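Only one structure is covered here, and it is reproduced in the block below.
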Amino acid sequence: MTAPIRSMPELLDALRARRDALNISHETLDSISGLQSGYTSKLLAPKPIKNLGPITMGPLLGALGLAIVVVEDQAAVAAVKSRWVKRKRPQKLEASALMLKPPETQETSEQLAKRQQLKMWGSMGGKASAKRRMKVMKKRTRQRIAAHAARKRWSKGK
């Protein structure tokens, strides 16, 4: 089953074919994928009631033991290549490229010490910054924050 899929109906047909090849019920697919009971029937019906979306696609593909591979369609490229217009703005760098530091921008000892200090404060959670914030804050501001927090706590029970 390696036919090219170019539309949603073709994708649904491929999913139905896989379901039939495995000879499993929609209820089984629902339980394996974690979807609510009867949801697969709505997705894979001859006239689907629900659409396959970002929340349902992954679990359903996993339950069917499938993965989607994106490949270039040479016929489609030939048909539209003349209409492609290059970007004017540069493309964003990948995250892996941003993480690599060139040797000339290595941290100085002062920057390293500052980063370690911030890391230590971060590991303490909000405790250190909250205490410092309360020391710096005026009494009236602290009272307003405390009153607001109390109102929120007591309104949860309603």
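Within the set 29, 52, the sole residue that is in a helix (DSSP H, G or I), hydrophobic (A, V, I, L, M, F, W, C) and touching a residue at least 24 places away in the same chain (Cβ under 8 Å) turns out to be 29. Can you spot a residue in the range 77-99 that is out of contact with any Phe, Trp or Tyr (no Cβ under 6 Å at 6 or more places or on another chain), at pLDDT 90 or above and on the phi > 0 side of the Ramachandran plot? Within the range 77-99, not a single residue is out of contact with any Phe, Trp or Tyr (no Cβ under 6 Å at 6 or more places or on another chain), at pLDDT 90 or above and on the phi > 0 side of the Ramachandran plot.
Residues that are closer than 15 Å to residue 18 by Cβ, assigned to a helix (DSSP H, G or I) and touching a Gly at 6+ places or on another chain (Cβ under 8 Å) do not occur anywhere in the range 63-70.
Taking the criterion of being surrounded by fewer than 18 Cβ atoms within 10 Å (Cβ to Cβ) and either touching a Gly at 6+ places or on another chain (Cβ under 8 Å) or closer than 10 Å to residue 63 by Cβ (or both), the only residue of the range 34-53 that qualifies is 34.
The values are calculated or read from the model by the stated rules, or taken from the named source; none is laboratory data. Since this is a predicted model, take the numbers as computed values, not measurements. Reconstructed Cβ throughout: ideal geometry from the backbone, glycine too, with neighbour counts over all protein chains shown.
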